[in-house]
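J.: Let me give you the structure first, and then I'll get to my questions.
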Amino acid sequence: MSEKVVLTGIKPTGMPHLGNYIGALKPLIEQSHTQKTFMFIADLHALNTIHDAKQIKQHTYEIAGMLVALGLNLDNAVLFRQSDIDEIYKLNTFLMNVTPKGLMNRAHSYKASVDRNVANGLDVDAGVNMGLFTYPILMSADILLYNADIVPVGADQKQHVEFARDIAGYFNNIYGDTFKMPEPVIGEETGLIPGLDGRKMSKSYDNTIALFAPEKELKKKIMRIITDSKTPEEAKNPDESTIFQLYKHFATDAEIAEFAQMFRAGGMGYGTAKTILFDKVNSVLAGPRAEYERLMANTDEIEKILADGACKARVVAQETLGRVKRAMLG
Ligand code: ADP
Ligand code: TRP
């Protein structure tokens with residue numbers, strides 16, 4: 001097992017889709033079998049957009065329940081809720097004082113809001129709260145509080161990890177060597193999962209299949225995947241088919257080879273191909289889905305797992321915060 005500290009946060013904003021699962025969650029869960037990882041539900045980061053406590057709590061259970069149901073190794077992964085660790089609010093306050101405002105002005109997500117406002121003839125900061133503006137400072141606090149070496153994130157979060165490095169650098173320059181330098185690790189873009197319409201599966205395109213969609217809905221969605229108009233008899237290129245692209249991530253090598261052959265040979269209609277895809281995805285996800293549903297009906301169990309994780313995370317957080325406080329305040 002590597003000595004490096006891996007850390008990642010997941011924002012509780014709703015049920016992930018198959019693209020999130022294959023691109024982000026499955027690799028993290030696999031990694032938890034060989035690698036110590038801090039993994040937290042970033043509920044404080046959801047606050048700048050969700051102003052409803054019930055919703056945030058429910059989404060927190062969904063993400064935690066989902067990770068556990070999918071087999072996250074809780075011996076290696078410290079799974080906790082961001083807001084349960086008091087040291088995060090404190091480190092956030094400390095880091096505010098070494099972070100130049102100009103750095104925040106350059107953040108992609110803030111700039112995107114400003115651009116949208118300008119395009120709509122509104123005040124530049126219309127609808128921007130300080131939670132959004134200072135989002136990268138809180139995220140830096142997450143990363144630095146747990147001494148993370150490696151931060152696996154989607155490409156959209158890379159800048160935030162770079163900001164964490166910048167902020168750690170400013171701090172270390174002023175107060176001496178206090179923080180480690182984290183490295184972002186970006187998932188392979190080549191693994192992009194197509195959605196129902198063939199474009200990248202994404203919430204923004206409304207073309208997703210929810211990871212734990214009930215069986216009936218899963219079937220309905222898979223049957224709605226858009227295909228070309230080839231007849232059943234015609235030979236088909238599996239690499240151009242959304243059906244095959246999804247199948248690949250759920251089947252064994254032998255099954256993948258056999259399904260590809262069925263595409264190339266001709267004689268298989270898209271309806272049949274979709275039924276094969278549904279049976280495969282459903283057989284892989286049925287067990288975890290049942291466990292997820294059980295956990296969601298017993299949220300005390302999820303709370304207990306998060307409380308155990310918080311106990312472990314707190315030990316590291318307190319040690320780091322002590323160091324920071326001594327450096328800044330004596
Ligand atoms: P969305 O596009 O639905 O808003 P996010 O941007 O929230 O998804 O993505 C969260 C994580 O899931 C990121 O790490 C990203 O790399 C991964 N991801 C999202 N969509 C896909 C996809 N279609 N294929 C592979 N990975 C994806
Ligand atoms: N900002 C990340 C997102 O929107 C979630 C997140 C919060 C995170 N804190 C983090 C990711 C620390 C990695 C490390 O997806």
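J.: Using only the Cα atoms of the chain, what do you get for the radius of gyration and for Dmax, in Å?
T.: For the chain, the Cα radius of gyration and maximum Cα-Cα distance read 22.2, 78 Å.
J.: With the contact rule set at Cα under 8 Å and sequence spacing of 6 or more, what percent relative contact order holds for region 209-330?
T.: 25 percent
J.: Same structure, new question: Using per-residue counts of other Cβ atoms within 10 Å, averaged over each peptide, order 222-232, 141-151 from highest down.
T.: So the peptides 222-232, 141-151, ranked by packing, come out 141-151, 222-232.
J.: Name the shape class, rounded, prolate or oblate, that the alpha-carbon gyration tensor gives for region 102-205, where a ≥ b ≥ c are the square roots of its eigenvalues, rounded holds for a/c under 1.5, and otherwise prolate holds if a/b is larger than b/c and oblate otherwise.
T.: Cα axes put region 102-205 in the oblate bin.
J.: Please compute the contact order of region 1-129 in relative form: average sequence separation of alpha-carbon pairs under 8 Å and at least six residues apart, divided by the residue count, as a percent.
T.: So the answer I get is 26 percent.
J.: What's the extension gain from Asp300 to Asn172 if we count 0.36 nm per residue and subtract their Cα-Cα distance?
T.: Length gained, Asp300 through Asn172: 42.0 nm.
J.: Indicate, rounded to the nearest 5 percent, the antiparallel portion of the DSSP beta bridges found entirely in the chain. Working shown, then result.
T.: Values: 2 of 17 bridges.
Around 10 percent of the beta bridges assigned by DSSP in the chain are antiparallel ones.
J.: Provide the gained length on full extension for the span Gln318 to Glu183, in nm with one decimal, where the gain is 0.36 nm per separating residue minus the Cα-Cα distance.
T.: Net length gain for the segment: 46.3 nm.
J.: Still on this structure, please answer the following. How far apart, in nm, are the 7 Å Cα→Cβ label points at Leu192 and Asn105?
T.: Calculated label separation equals 3.3 nm.
J.: Mind pulling the angle between the C-alpha long axis of helix 299-329 and the longest principal axis of the chain? Nearest 10 degrees, somewhere in 0 to 90.
T.: Approximately 40 degrees, to the nearest 10.
J.: What is the Cα convex hull volume of region 146-256 when expressed per residue in Å³?
T.: Expressed per residue, the convex hull around the Cα atoms of region 146-256 is 152 Å³.
J.: Order these peptides, 290-302, 38-50, 21-33, 114-126, by their mean beta-carbon neighbour count within 10 angstrom, highest first. Before the final figure, lay out each step's value.
T.: Working: 290-302: 15.0, 38-50: 21.6, 21-33: 18.6, 114-126: 11.5.
In decreasing order of mean packing, 290-302, 38-50, 21-33, 114-126 become 38-50, 21-33, 290-302, 114-126.
J.: To continue, here is another question. Any number yet on Rg/Rh for region 21-67, C-alpha, Kirkwood? Don't skip to the end; give the middle numbers.
T.: On the way: Rg = 12.6 Å, Rh = 12.0 Å.
So for region 21-67, dividing Rg by the Kirkwood Rh gives 1.05.
J.: Ok, one more. Any chance you could run the full-extension gain for Lys325 through Asn282? It's 0.36 nm times the residue separation minus the Cα-Cα distance, nm to one decimal.
T.: So the extension gain works out to 10.4 nm.
J.: Mind giving me the nanometre distance, one decimal, between the label points for Arg199 and Asp239, set 7 Å out from Cα along Cα→Cβ?
T.: Each label point lies 7 Å from its Cα, and together they span 2.5 nm.
J.: With N denoting the number of residues in region 174-218, provide Rg(C-alpha) divided by 2.2 N^0.38 Å, to two decimal places.
T.: On the way: Rg = 19.0 Å, N = 45, 2.2 N^0.38 = 9.3 Å.
Taking the Cα Rg and dividing by 2.2 N^0.38 Å, one obtains 2.03.
J.: Can you give me the long-range amide H partners of Phe38? Hydrogens built in the peptide plane at 1.01 Å from N, cutoff under 5 Å, separation of 5 or more residues or another chain.
T.: Excluding prolines and chain starts, which carry no amide H, the hits are Val6, Leu7, Thr8, Val78.
J.: With +1 assigned to the C-beta of every Lys and Arg and -1 to the C-beta of every Asp and Glu, and no other charges, what is the dipole magnitude of the chain about the Cα centre in debye, to the nearest 20?
T.: 420 debye
J.: Report the FRET efficiency, 1/(1 + (r/R0)^6), for Ala119 and Glu30, where r is their Cβ-Cβ distance and R0 is 25 Å, rounded to 0.05.
T.: Working from the Cβ atoms, E equals 0.05.
J.: Where does the charge balance sit around Glu255 when Lys and Arg score +1, Asp and Glu -1, over other residues with C-beta under 10 Å from its C-beta?
T.: Result for the neighbourhood of Glu255: 0.
J.: Could you work out the Rg to Rh ratio of region 197-293, with Rh taken as the Kirkwood radius (inverse of the mean 1/r over all Cα pairs)?
T.: Ratio of gyration radius to Kirkwood radius: 0.97.
J.: Quick one: grab Rg to one decimal and Dmax as a whole number for region 263-330, Cα atoms only, in Å.
T.: Rg and Dmax of region 263-330, Cα atoms, are 24.4, 76 Å.
Just so you know, all these numbers are worked out from the coordinates, no wet-lab data involved. For clarity, every value in this text was computed on a predicted model and none was experimentally measured. Glycine also receives a Cβ, built like all others from the backbone with ideal geometry; neighbour counts cover every protein chain displayed.
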